[in-house]
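Every read-out reported here was derived from the displayed coordinates using simple, explicitly stated rules and does not represent laboratory data. No experiment lies behind these values; they were computed from the predicted model shown. Using ideal geometry, Cβ is built from the backbone for each residue, glycine included, and neighbour counts are taken over all protein chains shown.
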Amino acid sequence: MVFSMRLIVDAWNVLHVQGVLPSGLAGMDLIGLSRLLGRSRWNGLLTDLVCDGSPSTAHETLPEHIRVSWSGHDQEADDLIEAMIEQSTTPRRLTVVSSDLRLKKAAKRRRCKWLDAQSFLRALLDDLSSTLPENPPKASHETADQWRRTFGLDAEAVQQLHADAESMELPEAMASPQDNPPATRPTPPKGKPPRNSPTGTSSIFPKGLIEQAVRIAKGEA
C-alpha cells in the first residue's frame, strides 16, 4: 500500500486533553482513538501513534496503516516524534499533532503541517457528528460491552456515558475551537491517560453523536 501523506500523533498528549470529550469517553484509549480516526478526514492515512514508555498489555490489532510506537524508558515520545520529523524525506506531506511547543517548532522548521491536540480531537468529533442521521435510535444499556471493547472504557465510564446520553437534549450545533474555545487548563503529567478524567462539558455534544458512536461500536454504521 502506497501512502502520499502521513500523520504523526503525540498520542498521550491527545488522550490527556480535557474539556473536549464527553465525560463517558474521557478514558478512551488507543483503540478508541483509532476508531475515531477511521471515521474522520484522516481515514486511511499512514498514521503513527507515538506513546511514552512501553506497552503494559497487548493491544488489539489495529489497521495496517495505523502504527503504535513506544518511546521506551530512555527517552520520551517527544524525542521519538522529533526524530521522525527530522528523518522524514517528505516533510511537507507530514502532519504533526501535538500541543508541545518543542514539537511545534520542529514541525515548523521542516515545514510540516501542525495541529494542536485539542483542535485535532475536536475535528475528529466534528467529522463523526457530520454522519449523524436525522433520527438516530436510542442507545440501550445492552451496548455497554461494545463501548468497552471499542473505546477501551471501564464500567464506570460506560455508566457515565449512558447517563450523558439519557440526560442530554439536542443543543446548538457543535462549536468550532475558534467559536467556543475551552478554558485553559494545566498540562497533565506525561504517562498513560487517566481512565475517568472528568470534563464537565458533555452538554456541548448532541445526544445523537453519542448514539451514533454506539452504532459504530455495534457495527451498524
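Structure summary
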| item | result |
| --- | --- |
| Ranking of 5, 28, 84 by count of other Cβ atoms within 10 Å, fewest first | 5, 84, 28 |
| Convex hull projection area averaged over all views, segment 54-119, Cα basis, nm² | 5.5 |
| Extended-chain gain in nm, criterion 0.36 nm per residue less alpha-carbon gap, residue 31 and residue 61 | 9.9 nm |
| Cut-off 12 Å, label 7 Å out along Cα→Cβ of residue 43, residues of segment 102-133 by amide N | 127-132 |
| Two-site label geometry, residue 102 and residue 89: point separation in nm, points 7 Å out along Cα→Cβ | 2.8 |
